[in-house]
Amino acid sequence: MKPTAPNSPEPRNLFQDVHEVVRLIPAGRVSTYGTIAHYLGARHGARTVGYAMMAAHTAGQYVPAHRVVNRLGHLTGRLHFATPDAMQQALEAEGVRVVEDRVQDFGQLLWDPAVELV
DNA sequence: CGTATGACCCACT
DNA sequence: AAGTGGGCCATAC
């Protein structure tokens, strides 16, 4: 990869934090980029969270990126999965109803780490 | 080494 | 009230 700085034993990039938070999302629940970003303390970091999702496949651990949607409950990243329907099928497999790439009862299924994770 | 791109959200005019 | 631009991190060429 790339040689890290001599004083950086653990490069805790924001991407790593995002990946870890996403991994904490329980099955059957969904979260949003803005919510995670806000939890990390980055008001304008929502975009960075989205970038982290795309780079999720670079993480050593599995990241349930299918449980992360935009604030509108829209499956924005469905085209980035192995198949266009992989995200929707994964959500439905967990009991999440998805219609036209839109999560039903999104407000109820929304998982906020700052609230649920106390 | 510098430039460009990529799953978004909020604030301002 | 609606529309537009700005702000952020990391990786690849």
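The values are calculated or read from the model by the stated rules, or taken from the named source; none is laboratory data. Everything numeric here is computed off the predicted structure, so don't read it as measured data. Backbone-built Cβ (ideal geometry, glycine too); neighbour counts: all protein chains shown. Heavy atoms of the whole protein, side chains included, go into the accessibility calculation; ligands, DNA and RNA do not. Shrake-Rupley method; radii C 1.70, N 1.55, O 1.52, S 1.80 Å.
Worth pointing out:
- Of the residues making up segment A:38-67, those that are under 15 Å from A:Leu117 (Cβ atoms) and within 8 Å of DNA strand B (Cβ to nearest atom) number 1.
- Test: residue in segment A:69-78 that is open to solvent by 20 Å² or more (accessible area, probe 1.4 Å), among the basic types (Lys, Arg) and within 16 Å of DNA strand C (Cβ to nearest atom): yes
- Tally, over segment A:79-99, of residues that are over 13 Å from A:Ser31 (Cβ atoms) and either hydrophobic (A, V, I, L, M, F, W, C) or buried (at least 19 other Cβ atoms within 10 Å of the Cβ) (or both): 10
- Residue satisfying condition, being assigned to a helix (DSSP H, G or I), more than 7 Å from DNA strand B (Cβ to nearest atom), at pLDDT 95 or above and of a type in the set (Val, Ile, Thr), within set A:Val96, A:Val22: A:Val22
- Breaking point among (1) over 17 Å from A:Arg23 (Cα atoms); (2) assigned to a helix (DSSP H, G or I); (3) in contact with a helix residue (DSSP H, G or I) (Cβ under 7 Å, 6 or more places away or on another chain), for A:Gln89: (3)
- Contacts under 8 angstrom Cβ, first residue in segment A:59-71 being farther than 16 Å from A:Ala90 by Cα, partner in a loop (DSSP other than H, G, I, E, B), 6 or more apart: A:Asn70/A:Thr76
- Neighbours by Cβ (under 6 Å, 6+ apart or cross-chain): first from segment A:88-105, among the small types (Gly, Ala, Ser); second open to solvent by less than 70 Å² (accessible area, probe 1.4 Å): A:Ala90/A:His66; A:Gly95/A:Gly28
- A:Leu117, sole failed condition from (1) under 17 Å from A:Gly50 (Cα atoms); (2) at pLDDT below 95; (3) aliphatic (A, V, I, L, M): (1)
- The residue that is nearest to A:His80 (Cα to Cα), among those in segment A:44-58 that are hydrophobic (A, V, I, L, M, F, W, C) and surrounded by fewer than 17 Cβ atoms within 10 Å (Cβ to Cβ), is A:Met54.
- Segment A:49-60, residues that are within 7 Å of DNA strand C (Cβ to nearest atom) and either under 15 Å from A:Thr76 (Cβ atoms) or not in a helix (DSSP H, G or I) (or both): A:Tyr51
- Residue in segment A:26-43 that is least open to solvent (accessible area, probe 1.4 Å), counting only those that are touching a helix residue (DSSP H, G or I) at 6+ places or on another chain (Cβ under 9 Å) and farther than 18 Å from A:Leu72 by Cβ: A:Gly28
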